[in-house]
Structures are given as C-alpha cells and as structure tokens.
1. Is there a residue in the stretch 158-170 that is out of contact with any Gly (no Cβ under 6 Å at 6 or more places or on another chain), modelled with pLDDT under 95 and acidic (Asp, Glu)?
2. Take the conditions crowded, with 20+ Cβ neighbours inside 10 Å, touching a residue at least 12 places away in the same chain (Cβ under 8 Å) and not small (Gly, Ala, Ser) and apply them to Tyr144. Does it pass?
3. Going by the structure shown, is Leu187 buried (at least 16 other Cβ atoms within 10 Å of the Cβ), on the phi < 0 side of the Ramachandran plot, modelled with pLDDT of 90 or more and touching a helix residue (DSSP H, G or I) at 6+ places or on another chain (Cβ under 8 Å)?
4. Taking the criterion of being closer than 25 Å to Phe303 by Cβ and out of contact with any Cys (no Cβ under 6 Å at 6 or more places or on another chain), would at least one residue in the stretch 172-180 satisfy it?
5. Just one of Glu47, Glu76 is under 22 Å from Gly294 (Cα atoms), part of a helix (DSSP H, G or I) and either at pLDDT 95 or above or open to solvent by 20 Å² or more (accessible area, probe 1.4 Å) (or both); which is it?
6. Would you confirm whether any residue within the stretch 308-317 is at pLDDT 90 or above, surrounded by fewer than 14 Cβ atoms within 10 Å (Cβ to Cβ), within 22 Å of the chain's Cα centre (by Cα) and part of a helix (DSSP H, G or I)?
7. Quick test for you: out of Phe455, Phe477, pick the one residue that is touching a Ser or Thr at 6+ places or on another chain (Cβ under 7 Å), farther than 23 Å from Thr378 by Cα, open to solvent by less than 10 Å² (accessible area, probe 1.4 Å) and modelled with pLDDT of 95 or more.
8. Return a yes/no flag: does the stretch 289-299 have any residue that is aromatic (Phe, Trp, Tyr), open to solvent by 30 Å² or more (accessible area, probe 1.4 Å) and out of contact with any Pro (no Cβ under 8 Å at 6 or more places or on another chain).
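The values are calculated or read from the model by the stated rules, or taken from the named source; none is laboratory data. Because the structure is a prediction, the values reported are computed rather than measured. Here the Cβ positions follow ideal geometry from the backbone for every residue, glycine too, while neighbour counts run over all protein chains shown. Note: areas computed on protein heavy atoms with side chains; ligands, DNA, RNA excluded. Shrake-Rupley method; radii C 1.70, N 1.55, O 1.52, S 1.80 Å.
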Amino acid sequence: MEEKKYFNRDISWLSFNYRVLEQIKDENLPIYERMKFLAIYASNLDEFYRVRVASYRSLLDVSLKNRKKLQYSPEEVLLCIKNEVEKQQFEYENIFNNKIRPELEEKGVMLYNGQELEEKHNLFIKDFFMKEVLPYLQPVLLTYGDVLTFLQDNVIYLSVKMFKKSKKENSVKKTNYAVIKIPTGHLSRFVKLPDLDGKHLYFFLEDIIRENLKILFPGYIVDSTYSIKISRDADLMIEDEFSGNLLNKLRKSLSRRKTGTPARFLHDRSIPADLKEILTVAFNLSKSDFVEAGRYLNFNDFFGFPNPIGEKHELKPLTQLAHRAFENHDSIIRAIRKQDIMLYFPYHTYDYVLRFFNEAATDPKVKEILTTQYRNATNSAIVNALITAARNGKKVTVFVEVKARFDEEANIKSVEEMQAAGIKVISSIPGLKVHAKAALIVRKSSSKQSKKREFAFLSTGNFNEKTAKQYSDLGFFTSNSEIIEDLHKLFVYLEDPLGKFKYKHLLVPRVNLVDELKSKINNEIKT
C-alpha cells in the first residue's frame, strides 16, 4: 500500500486546537486569560463542526462510484474526528473542573458546583427564576414517535426525564420527557448570587432552571436533566451564483442556515438510553450525530464571564506603539507622500488607518476613494468615514465580499447602509471569494506638474479596528506609482471580472500568484 504523503487537513486541525487547549493548562497565564482559551477552544470546535465536519457528512450521500474519486473515505475521517474530539473533550472538562474551578474559588470566585447554599440563596434563585427567567421559557413535552420541528443551531437546551404524579400507591410510574431552551439570548449565562463564605458566587443560567423545575412541571416528579445542543451545517448552499441577484440569494440562504442538517448533537455523556432514543426520533437524528460532552455546554460563553476580582488576573492590554514617520506630520497623506510606511499590528496603533480614511473623507482635494471590505467591526469607523466621504461629494466605490462566513448578515447590512449614502457598492463576484484588503485614494495635486496624486493602503488583515488589536497583521502605506498602477487594474477587475491584466508587483490569484510563489520557492532552493 502506497504511503500517504500528507496528513488529513482536518485531523491536523484538531492538533492545532489541542494546542489551544494546552494554553488553558498553562499556569503562567492569569486565570482569566486561561478562561478565554476555554472559550476559544469551544468556539473553534463549534465552527469546525458546522463547516468542516458538515462537509464530510454531506459526502456520505454521494454515490459510491463518485466517492472513489475522493482518495479518502469520509466514514474513516469522521470516525477519526469523533474519537479525537471525544478524547480532547474529556481532557478539556477535566481541566475545567479540576484546575480552573478550584483556582477561581481560591481567588475568591465560586462557580456553583453543588455547594451547600444558605436560605438567602434559595430565595434569590426562586425570585430570579420567577421574575427574570420564567417569562422566556417554553418547555416542550416529547412523546415516542412524534417528530418535532428542530432545535435551534448552537443553542443550549435542557432535556428532562420525569414521572407523572399518581395518587395510587405502588402504581407503575409512566416516564415523560421534555426539552427547555435556555434563554441565553435574553439573559446572561452567568447569574451572580449573594456572596457565599466571602466569595463571589455565580450560577449557570441552566442551573437556575434546574432548581425550579417543580414550578415548570407541577404535575410531575423530575428525575434528572441533561444539557444538549445541536450544531448545524453552515454551508449557505447557493446552487447558482452566476444568474439572478447574488445578494438576494444570500439573504434567502442565510435564513436556511438556522435549520441546516445536523453536523453534531452534543450531549451530557450521562444521558440515559431511553432519553437518547426519544431525542433521536423527535429531532430526526442518527447515531453518528451524537458526540459526548460534560454537564455544561457552550463554553464560548466564557468570553463574557464576569471578573469581580480585578485586572491583575488578566493580562495587561498591549500598549500600542506610535510610528515616527506619522508622528512627524499632521497629515497621514503628507507622511505617505514622503515615504512608504509599514505597520505591524497589533504592535502599532490602528489609528493611522482610521485617520487615513477620515482624512480622505474630509480633504477637499480628494476626489475618489476605492476600497475592499471583508469583515468589518460592528459600527465600523471605516464604513462611517466612507459614508461621510460620499456625503461630501466624493466618488466612493467599495467592493464588499458578502460571502465572509458567519459575517454575511453584517456585510449585507453594511452594503445597504453604504448604498443608501450614495456609495457604489459591488457585492461579491460569483464563483470567487475576494480576500484582498486594499484602499486607494485619488487626490488632486497642488503641484502644477501633476494633475493628481494617489495613495494606497494594502493589508494582510481586515479593515477592522477591533480585531487589529488582537491579531498579527501587516499594513503597508505607499504612493509608489507602479504599485498603484497594479492596484487600479485590480479595482477594474473587481468591477468587471472578464478583464485580463498583467501585474508587475501584486500577486493575484488566478493570474500570477501560483507561478510567482513557485518561482520564489525554486529560487530559495537554488540559493
């Protein structure tokens, strides 16, 4: 049998996510930083199932004849993924329960785990449940053979096993089942109770509900409860991008994402077989959908876990650096005219990029702005600057890649806002996803020798002032005419993808990127 040259990309990705898990174990990090890695690990895994695992599962429906072309078995890959994930999941929960929780408590923060409570806590829990939680609860009873609609994507539910109360002694208790959606869309996942033994006490929202199930089910004896959630296929499944309105097709497809086919049914591993069976029927699941976890799910909520014990238990925010070339000028454009400038994010401040767009928006000599957008910040300062520029009478053209996964809705909203302000917006190219981050400013020159002067910004990151404080990226400002000539060709192509251009300095996929990279690699081999 021929030895394979490469690891499977997704099995390899699980090794990467395990390195995130190892950060949770690093006791050199402050406790609240380690909790962020709890959230990152869980968030990564959710997306992995919704995108990568879902794509493998879709291949199971492909005919055996066509699957022979794949050079791998989807069943084998899925089994490897399941085994590795469940192994990591067990370790992940062990770290949370036996490392993170005790260390939190040692530092004065107690996350409820069955501790004995005082009467004031019980009164608080019941009062909070009645006033804050109960209005959002809509429990659904399950019966054998009934197929319900669906569980919402990535939302926690409590599945409940209970018995109908009977006045007859020694009567056979009939088992009943129900599911309850945890209203984390309306309430915080972590509820603060009065302090316990001098420590800040927090309850998971689902534990508040567990403590009050008698109120929800007055005619039943509650036997046990188990957390469940479903992750659905996030593929938008646009069959034909080339005809009709792509933006409208994306809008319709986004509504279907919420009801996509299951990619994973995550459940408390202690769930009994009878409840598992009824859930399988009720939500049209298969055995391969089930993935074991612990008592609590959706650890990505730990991004928002409260910190009542002070900033010393978090890493200090990185002090962002100024760049001398910009600090010596009161104008970003004047600084770029003098020299090319490279910024290294998140070490350099991103304010220079925001100033670049804001200056262009208000400078009376700037006649035109062209830029791309992929993943913007919420209430983006750059989008606001572009809208200001359009309202100031400047010609503004923006290419928005609305197919940025999980940011499609935000991008569509951004498109609508910019179009309403009179900006010319190009919304994606069928069959192509544009990741380029570029901006070009055309300015009337004060020099008599030249009619205009142009300034560009190229970046490896997104035009996102918030993530620029977290991720490592490069930003390059230039007024080099040869680079700008290439950039003009790129923007012409984005408006009319049928055009063909040769680029001297930019590496563009489908044109010269692959050949140039191979050439550079071969050159390194030779030297």
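1. yes
2. No.
3. no
4. yes
5. Glu47
6. no
7. Phe455
8. No, the stretch 289-299 contains no residue that is aromatic (Phe, Trp, Tyr), open to solvent by 30 Å² or more (accessible area, probe 1.4 Å) and out of contact with any Pro (no Cβ under 8 Å at 6 or more places or on another chain).
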